[in-house]
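The next block holds one structure in the form of structure tokens; read it before the comments.
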């Protein structure tokens with residue numbers, strides 16, 4: 001088999017597509033700053049429903065989606081994952097709308113390390129000495145920022161923990177990615193519609209003009225498409241290879257925050273990022289070592 005046709009190679013374009021979209025997402029959200037994060041969240045949920053159902057149909061998962069809605073235990077699990085992902089989306093959008101893109105970048109840099117820690121706490125997975133060292137170094141970086149700027153770290157911590165717990169819940173749910181997304185947004189849709197009925201929509205929102213209408217409707221596409229690309233990549237790539245690509249998203253967000261929006265990068269925050277980057281380097285080196293040992 002040629003190098004270009006290996007599973008990781010065939011999955012790489014899908015993984016890059018997913019993380020490039022996620023990395024550039026702040027550019028999209030910035031176009032909606034006249035609205036509240038909760039109004040955008042409600043639209044994101046509502047418009048994700050038809051996109052998710054169309055994709056479930058195209059990928060042959062519509063039957064699985066329908067069956068999931070009749071299983072109470074699975075629905076309870078999916079309701080928990082829905083709550084976690086909606087929390088993640090709302091904090092993420094609020095942060096971008098309030099010039100805290102750098103904090104979102106830090107949160108998603110932390111996410112792989114949080115996943116390792118959650119695996120240790122909830123799944124009984126053991127940390128080797130290199131993984132433990134990476135977690136300690138990352139914790140040191142968080143402690144520095146917590147001491148110097150306690151008002152900012154909550155964004156990064158909430159994003160990392162909510163997405164990490166979301167992944168943990170989804171890992172335990174016996175449902176495929178696209179059908180699962182369809183169930184999640186279906187469960188959230190009544191709450192979004194209730195919010196509109198109670199007056200969450202504003203005069204600057206949907207109906208104010210074709211441009212705004214298209215942006216809000218498109219939020220469903222930019223929500224569902226990267227998740228689908230990621231699901232395809234996950235089936236075609238090793239966990240180690242996919243782990244490296246996931247740093248593309250927060251790196252793009254970090255560069256946008258520094259060079260486009262000129263968010264301040266004072267010494268304490270730079271030191272925090274340096275600790276996180278060092279932790280990622282240790283974590284990644286250990287992943288490469290274990291992958292080579294397995295081969």
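The values are calculated or read from the model by the stated rules, or taken from the named source; none is laboratory data. In this text the structure is predicted, and so the values were computed from the model without any measurement. No Cβ is skipped: glycine too gets one built from the backbone with ideal geometry, and neighbour counts run over all protein chains shown.
Between a first residue in the range 17-35 that is buried (at least 22 other Cβ atoms within 10 Å of the Cβ) and a second residue that is assigned to a loop (DSSP other than H, G, I, E, B), which pairs have beta carbons less than 8 Å apart while being 6 or more apart in sequence or on different chains?
Matching pairs, first to second residue: 19/246; 35/202; 35/204; 35/205.
Looking at the range 122-135 only, could you name the residues that are assigned to a helix (DSSP H, G or I) and free of Cβ contacts under 8 Å to residues at least 24 places away in the same chain?
Scanning the range 122-135 gives 129, 132.
Condition check ((1) more than 22 Å from the chain's Cα centre (by Cα); (2) closer than 21 Å to residue 200 by Cβ; (3) in a helix (DSSP H, G or I)) across all residues:
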site: 11; (1), (2), (3): no, no, yes
site: 35; (1), (2), (3): no, yes, no
site: 57; (1), (2), (3): yes, no, yes
site: 63; (1), (2), (3): yes, no, yes
site: 66; (1), (2), (3): yes, no, yes
site: 80; (1), (2), (3): no, no, yes
site: 85; (1), (2), (3): no, yes, yes
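Exactly one of (1) over 26 Å from residue 47 (Cα atoms); (2) crowded, with 19+ Cβ neighbours inside 10 Å is unmet by residue 270. Its number?
(2)
Filter the range 95-106 down to the residues that are in a helix (DSSP H, G or I) and touching a residue at least 60 places away in the same chain (Cβ under 8 Å) and list them by number.
Matches in the range 95-106: 95, 96, 97, 101, 102, 104, 105, 106.
So residue 140 ticks every box in (1) in contact (Cβ under 8 Å) with a residue 12 or more places away in the chain; (2) more than 20 Å from the chain's Cα centre (by Cα); (3) farther than 25 Å from residue 268 by Cβ but one. Which box is left unticked?
(3)
Report, by residue number, each residue of the range 203-226 that is in contact (Cβ under 8 Å) with a residue 24 or more places away in the chain and not in a helix (DSSP H, G or I).
Within the range 203-226, 204, 205, 206 meet the criteria.
State yes or no: is residue 110 assigned to a helix (DSSP H, G or I) and surrounded by fewer than 20 Cβ atoms within 10 Å (Cβ to Cβ)?
Against the criterion (assigned to a helix (DSSP H, G or I) and surrounded by fewer than 20 Cβ atoms within 10 Å (Cβ to Cβ)), residue 110 does not qualify.
Kindly provide the set of residues from the range 101-122 that are over 15 Å from residue 160 (Cα atoms) and touching a helix residue (DSSP H, G or I) at 6+ places or on another chain (Cβ under 8 Å), ordered by number.
Answer for the range 101-122, where residues must be over 15 Å from residue 160 (Cα atoms) and touching a helix residue (DSSP H, G or I) at 6+ places or on another chain (Cβ under 8 Å): just 122.
What about residue 200, is it in a loop (DSSP other than H, G, I, E, B), crowded, with 17+ Cβ neighbours inside 10 Å and in contact (Cβ under 8 Å) with a residue 40 or more places away in the chain?
yes
Any residue in the range 234-241 that is within 30 Å of residue 72 (Cα to Cα) and either surrounded by 15 or more Cβ atoms within 10 Å (Cβ to Cβ) or in contact with a strand residue (DSSP E or B) (Cβ under 8 Å, 6 or more places away or on another chain) (or both)?
Yes, the conditions are met somewhere in the range 234-241.
Of the residues 159, 181, which single one is under 23 Å from residue 275 (Cα atoms), at pLDDT 85 or above and crowded, with 19+ Cβ neighbours inside 10 Å?
Only one candidate passes the filter, namely 159.
Could you tell me how many of the residues in the range 233-272 are farther than 30 Å from residue 294 by Cβ, over 19 Å from the mean Cα position of the chain (by Cα) and in a helix (DSSP H, G or I)?
Summing the residues that are farther than 30 Å from residue 294 by Cβ, over 19 Å from the mean Cα position of the chain (by Cα) and in a helix (DSSP H, G or I) in the range 233-272 gives 9.
Given the structure, is residue 87 surrounded by 20 or more Cβ atoms within 10 Å (Cβ to Cβ) and at negative phi?
It is false that residue 87 is surrounded by 20 or more Cβ atoms within 10 Å (Cβ to Cβ) and at negative phi.
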